[in-house]
Number of protein chains: 2
Amino acid sequence: MQTYSYSQGIYPYLPVFYVIWSDDLLSASEIAVVKKAIAADPGLSHEERNRLLGWLDRDSPPDAEEFRHWNHLIVRSGVTYREDADYPLSEFAAAFAESQAPGGSPHPVLRDIEVNLGIQPNHYRHLFGQNAVPVAVASEFQGEVLAEMGLRPHYPDYLTCREFLQAPVFEQHLERDKEAHRQRVLQQLKRLAAEGYGALAYPPEYGGKNDMPAYATLFENLMFIDGSLCVKFGVQFGLFGGSIQKLGTKRHWEAYLKDAGTAKLLGCFAMTETRHGSNVRGIRTTATYVKESDELVVHTPGPDDNKEYIGNALHAQMATVFAQLIVDGENQGVHAVLVPMRDGSGELLPGIRVEDNGYKMGLNGVDNGKIWFNQVRVPRGNLLDRYGSITESGSYHSDIKNPNKRFFTMLGTLVGGRICVARGALAGARFGLSIAVRYALRRRQFNDAARVQEDLIMDYPSHQVRLLPAVASSYVYQAALTRLLKSYDGADGTDTRQLEAGVAGLKALVTEFADRTLQECREACGGKGYLLENRIGQLKNDVDIFTTFEGDNTVLLQLAAKSRLTDFRAEFNSDDFFGVLRLLGTQIGKRLSAINPAYTNKTDREHLYNPAFHLHALTYRTDRLTYTLALRIRDYIKKGVPAYQAFLKVQTHLLALGRAYAALLAFELFLEHTEDLSDDPHADLIRKLGTLHALSEIRADAAWYLEQGYIGKRKSKAIRSRVERLCTELRPHARALVDGFGIPPTRLSEVPIADQSGSL
Amino acid sequence: MQTYSYSQGIYPYLPVFYVIWSDDLLSASEIAVVKKAIAADPGLSHEERNRLLGWLDRDSPPDAEEFRHWNHLIVRSGVTYREDADYPLSEFAAAFAESQAPGGSPHPVLRDIEVNLGIQPNHYRHLFGQNAVPVAVASEFQGEVLAEMGLRPHYPDYLTCREFLQAPVFEQHLERDKEAHRQRVLQQLKRLAAEGYGALAYPPEYGGKNDMPAYATLFENLMFIDGSLCVKFGVQFGLFGGSIQKLGTKRHWEAYLKDAGTAKLLGCFAMTETRHGSNVRGIRTTATYVKESDELVVHTPGPDDNKEYIGNALHAQMATVFAQLIVDGENQGVHAVLVPMRDGSGELLPGIRVEDNGYKMGLNGVDNGKIWFNQVRVPRGNLLDRYGSITESGSYHSDIKNPNKRFFTMLGTLVGGRICVARGALAGARFGLSIAVRYALRRRQFNDAARVQEDLIMDYPSHQVRLLPAVASSYVYQAALTRLLKSYDGADGTDTRQLEAGVAGLKALVTEFADRTLQECREACGGKGYLLENRIGQLKNDVDIFTTFEGDNTVLLQLAAKSRLTDFRAEFNSDDFFGVLRLLGTQIGKRLSAINPAYTNKTDREHLYNPAFHLHALTYRTDRLTYTLALRIRDYIKKGVPAYQAFLKVQTHLLALGRAYAALLAFELFLEHTEDLSDDPHADLIRKLGTLHALSEIRADAAWYLEQGYIGKRKSKAIRSRVERLCTELRPHARALVDGFGIPPTRLSEVPIADQSGSL
């Protein structure tokens, strides 16, 4: 066996070199960091410096035997390594050097190496074997600070409602019986309304504060109480009250809005029918104006043309009914009409039939039902007539002449609800991740034969990859949705179409993310995750339908994609389509054409962690998919395929574009959010989460990027390994990161496996 | 505008050329098919033949204007095209030709083109606009025939039990209350036992038929009744009874096996503990031999060392308890002991405490509970002593000296249960797919402005891509699991390790597949899928835990992967490891090295549809991942990283290998299955499902294949488009395919949205 000897200045570097070579993770730019540090170290002699630099050649790393020798020296030194030190590796290295050759000079540059390479104890803890004193949680970051940054600018609203939601009426109860569950939720709803929370988004004259962001913040917080409460709240105040606010006029506001906001008037939003869900324009319920009596007759024509899944159907005194408005024998398209449903004693009014929708996977505290109308007469004034009215002389009038545009304008007013739905789903995912991560920081399973204590499951790479990218994405989506709501709230009406498309895309993206994430959380908690007392199962079942209601995700993604095409003013049926393509060619084609081979294979850390790269990749994908989609549709149309059919043929392409567009939008909004953050370490941590999110997103679509030649094979592999490494780097901060979700501690303490006081 | 004229022989080809060029789907080999047919057509003149051949150049297809002209001719012809014709396109073409130039000769070769290209009406129906008479379902294939082929050789067993399960006691009931649900399931269980179904896999002397395949067939059928019944049945007869059968000896069989099989003796299988689920070897319950009284004392040492999630815990009279066996102060490792739990009146015996696990996401008809033992004494004879016994003199004896091997031998006997679990989960997925496809064949949403009737959602490409690959995979997995059980049943004991690894991998693969598929089914049915009456939600919640119990999937995949490494007899701690790598290099390296560039970019239909290509791709992936994994582990070990830590560092790689190995195994078993099928069209359809499954599998991992250079960009895109096209080709047979799952009609008629008599 060869013998090795080292001079005094070398020793403190041995543990560091041992760590950085054990995983062979150094990229060229990282080697440069180390080289720079060594060059700047005043404690090294010229020879020592050269010897150290000689160990930094990727093509000729230290040989395995010498490597093992370092390991022997370290283990035999008996030096203890403490994870709770400020710079655990540097401090260990100094103590080790002192044990081998006492009295050496300090090497402060080691700290630069430790920090700049992002070396984390869990990278190397095992290398020091029995000498390690691991801690489960690093204390570098505070959850409260992250929460404030993540929920900014609505953190004060959040704190206020968090306080209020401590009231006993909001305590968790597991209700299996839907009647009992519905009663509980109804009481909770009334309690919120009494406190003024229901009317938050309404104007002050009707009891509100005109504060949609505060409303949305409360809404998402209700997911921490009960998904049913969250949804019922949204139905009463957002959909029913919101339809009066947005589609009605002063007459309706004065008559109903205040009572809707206090829940004195319970209402429902009767749009969907059994045969018409996504295709709202196809609904069959009619509201026919009868001149003689100056009334509207609301009617369900066939047995399957009833309204269905209508939340609040079993409690509502009034319904906003969407129906084909027929005036003077002419169908003016879908309009909303207020129809009284029950009298003061709760009895159904004549002509109205309601059936309970029965038990669902989740949300059983929401009374969803079917409603049939049999020639139900209401006064003409009950038409919510902001965008279309019937004059006193009995003729139809609307300022929006194009019926298509009128329909979409009416639907567009409901876009705020979609943002809320996405936020609610995301709140569910954040809750689930909080529980799963806290569990993973206590649950131990399997160990090295050499030790008694088993490993925390959070220390398994597969567990990190399962949970931490989802934690990162939650931060990104949270910022994006908050930002989006701000645009909505301040919308001047000029660019509503683009806003709607963005909302549609993000609603789809985020609700699907939430659903998949809760599934991972369930599995990550094993059998414990399956027990309802641990909440994840219930959250999963409640959030499940979020991918369907307020717009089926498949439909919404197509809507988002089509809007993307329309951004280029493409009229696919017109001759001008070729003009549009030329425009596309100029606008996009150029950007798409030249991907530099050096870029395609750039794998250094600076590049891969650079938001400019992420943004470019996400933009490229959206542009490329838009361009190729337009070309495909053009080809079909050239061949005489009707536009409707052409769009059908490219449906999977449309969906891919919708997704890509939404992902780009989310990341852009997140970057805007982080630009506003100060430069403290917490903000850097949030930016790092953005990096993990973006690389995961690119990784998930790596096949496409490779097919396009946008990334090369080596870069694709590098991205995969960076995703895994980022997870490892974030591992020590897992607890702080989920604390940063701001789940109220009282809610977490109701969950046995998230309760830190319990033991497992 | 240019004018076009055609001679008589050309006309019948126009609709066909119109169809094949509209989607631009022709590969070189498909062009060859058409060319060959044209060459063989006796009805064409020399000039006509040349003109037609001129339209077959991919680089210069018919120009768009002429293409539109064909469309005008077709639409103006007024010829009706009937989807229910035997050769719809050829017959349309003939009628069209007759309308343009009467009295032409027949062109039988058109049928060859239609059949060989796999052209389906839904490819082109829309091209003929108003003239089309679409039918939702093709009648070419019979579900019964497919079911017989899919369930072969156990179809007769299936039919017998299907008949029996019509009894009123098995009718569907939605129970929200767990007590009522458990009572119902218990009654159903006893009914099955009374009929002899419980004992099926036991020897005839104990009331059985030694028929594990029949037992498994029944087991999976119980998923169509109620997931809770399926699981409770498995606990009583498979786990409890099975532990007596496999781990006990004649003494135990004679005392208990018959009563276990008739459910006279209810039992549970107490292995998992709150702190030890996956790591069974770490369980803390002890069974200490006391020589003085010749008894075993079973004891739970700490408050969290109780058994947990134990099915049948609230009904069982006896438990098979897994505990550390301590004889003469020495721990002999985990063994199973029979412990009486309740007396004849159902009261718990002294020293035993049971707590209800409470409500779960699903399976609430199963009474899962926690069990604590406080110094519970049982006779020495209660040790299930097939693999390790205590002699009369009070010393421990086992023929298997290596405690590791002894432990895995005991666990290995339970591998049959894992196959059943996978089959049960798959049955759930098949049920869900049946419901979702049947719904998609009735549900209509959106339409072309030109038509009144809306489109079936089954005709949306995104819906096809969502459901049909899962249908295909269900066929593949069904065949694989049936085949695997056959190996298990006939196992001669020599290659059990490999069998166990295969079962572990397939259990993980199939249960995850089932879970994800049911999620897709829920979403594919929109709001209807969310209602419990439509079964999918309940199935999803029942199947959810299948990814965790009987071995957590993450753990099982690693087990499968490690076995794969061990196939090369790698001893990672020994010096011989380098010898192993040399062996790997010889065995695998060669196969891996040379991927011919022509192969990498081969995109013709013959190649992409060839099972040899699929098998090669799946084999390559497994081999390559094995090889690179071994290299990575070697590098770590060379650097002095302990083996346990080295495996931890490559954990995500291990998981990828586990998955790849299981996918390869599933496909190999499926190919074996199809080799035994006759050459009729139904068998070809099943083979086509195998193609869709395999291409989807490769597609799902396309990033990896591209990174390895195994497929080129063009091939990757071609695979994606073939997956979509295969879905379109299979679309007309969607109904026959799900009928082929053999879900009992009575079960489907209990589901409102699957009931063909209802209307929506």
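Across chain B, the relative contact order, built from alpha-carbon pairs under 8 Å that are at least six residues apart, equals 14 percent. When the helices of chain A are scored as -39500 (n - 2.57) per DSSP H run of n ≥ 4 and the total is divided over every residue, the value at 222 nm lands at -16000 deg cm²/dmol. Here region A:13-133 is treated as an ellipsoid with the same Cα gyration tensor; its semi-axes, largest first and in whole Å, are 20, 17, 15. Over region B:167-403, what is the percentage of antiparallel beta bridges among all DSSP beta bridges, to the nearest 5? If I count the DSSP bridges inside region B:167-403, around 80 percent turn out antiparallel. In region A:186-242, the inverse of the mean reciprocal separation of distinct Cα atoms equals 11.0 Å; this is its Kirkwood hydrodynamic radius.
Report, for residue B:601, each distance to the same residue's label point in the other copies, shortest first and in nm; define the point 7 Å along Cα→Cβ. With the label placed 7 Å along Cα→Cβ, residue B:601 yields 1.8 nm.
Pairwise inverse Cα distances across region B:77-128, averaged and inverted, put the Kirkwood hydrodynamic radius at 11.5 Å.
Work out the mean other chain Cβ neighbour count within 10 Å for the residues of A:271-278 and drop it here as an integer.
Details: counts 0, 2, 0, 4, 6, 4, 5, 4.
Mean partner-chain Cβ count within 10 Å for A:271-278: 3.
Could you work out the relative contact order of region A:400-521? I mean the mean sequence separation of Cα pairs under 8 Å and 6+ apart, divided by the number of residues, in percent. Before the final figure, lay out the partial values.
Details: 92 pairs, mean separation 51.8, N = 122.
After rounding, I find 42 percent.
Before anything else, pin down the relative contact order of region A:13-133: Cα pairs under 8 Å, at least 6 apart, normalised by residue count, whole percent.
On the way: 99 pairs, mean separation 44.2, N = 121.
Result for region A:13-133 is 37 percent.
Pairs of alpha carbons in region B:623-760 separated by more than 21 Å make up 63% of all such pairs.
Ignoring ligands, DNA and RNA, what percent of the 1.4 Å accessible area of the protein assembly as shown is carbon and sulfur?
Working: 27790 of 55150 Å².
Carbon plus sulfur share of accessible area: 50 percent.
From the Kirkwood radius over Cα pairs of region A:334-483, Stokes-Einstein at 10 °C and 1.306 mPa s returns a whole-number translational diffusion coefficient of 74 µm²/s. Over region B:274-319, the fraction of Cα-Cα pairs per 10 Å bin, rounded to whole percents and listed from the shortest bin up, is 23, 43, 30, 4. In region A:414-450, burial by the other protein chains removes 40 Å² or more of accessible area from A:443, A:445, A:446, A:448, compared with the chain on its own (1.4 Å probe, ligands and nucleic acids ignored).
Restricting the calculation to alpha carbons of region A:696-743 gives Rg and Dmax of 14.5, 43 angstrom.
Given a 1.4 angstrom probe, what's the average accessible area per residue across the protein assembly as shown, in square angstrom?
On the way: 55150 Å² over 1520 residues.
For the protein assembly as shown, the solvent-accessible area averages 36 Å² per residue.
Each residue of region B:417-749 gets 161 Å³ once the volume of the Cα convex hull is shared out per residue.
Going by accessible surface with a 1.4 Å probe and the largest first, B:202, A:627 read A:627, B:202.
The B-A contact accounts for roughly 8300 square angstrom of buried accessible surface, both chains included, probe 1.4 angstrom. By the Stokes-Einstein formula, at 1.567 mPa s and 4 °C, region A:423-539 with its Kirkwood radius over alpha-carbon pairs has D equal to 82 µm²/s.
Contact-buried residues of region B:696-710, at a threshold of 30 Å² lost accessible area versus the chain by itself: B:703, B:706, B:707 (1.4 Å probe; DNA, RNA and ligands ignored). With its label point defined 7 Å out from Cα along the Cα-to-Cβ axis, residue A:344 lies at 6.7 nm from the matching points of the other copies, in increasing order.
Cα convex hull of the protein assembly as shown: how many Å³ per residue?
Details: hull volume 293.4 nm³, N = 1520.
Per-residue hull volume (Cα only) is 193 Å³.
Calculate the translational D of region B:167-403 in whole µm² s⁻¹ from Stokes-Einstein, where the hydrodynamic radius comes from the Kirkwood formula applied to all Cα pairs, the temperature is 10 °C and the viscosity 1.306 mPa s. Walk me through the numbers before you get to the answer.
Values: Rh = 18.2 Å.
The calculation lands on 87 µm²/s.
Taking the centroid of alpha carbons for each part, region B:536-564 and region A:315-342 are 50 Å apart. Per the Debye formula on identical point scatterers at the alpha carbon atoms of chain A, with no solvent, log10 I(q)/I(0) at q = 0.06, 0.07, 0.08 Å⁻¹ is -0.45, -0.59, -0.74. Taking a label point 7 Å from Cα toward Cβ, how far is residue B:54 from its twins in the other copies, in nm, shortest first? Distances between equivalent label points, in nm: 7.7. Principal semi-axes of the equivalent ellipsoid, √(5λ) from the alpha carbon gyration tensor of region A:268-408, are 26, 17, 12 Å from largest down.
The values are calculated or read from the model by the stated rules, or taken from the named source; none is laboratory data. Just so it is clear, the structure is predicted and the values come from calculations on it, not from any experiment. Counting neighbours? That spans all protein chains shown, and the Cβs are built from the backbone with ideal geometry, glycine included. Accessible surface is based on the protein model in full, side chains and every heavy atom, while ligands, DNA and RNA are left aside. Shrake-Rupley method; radii C 1.70, N 1.55, O 1.52, S 1.80 Å.
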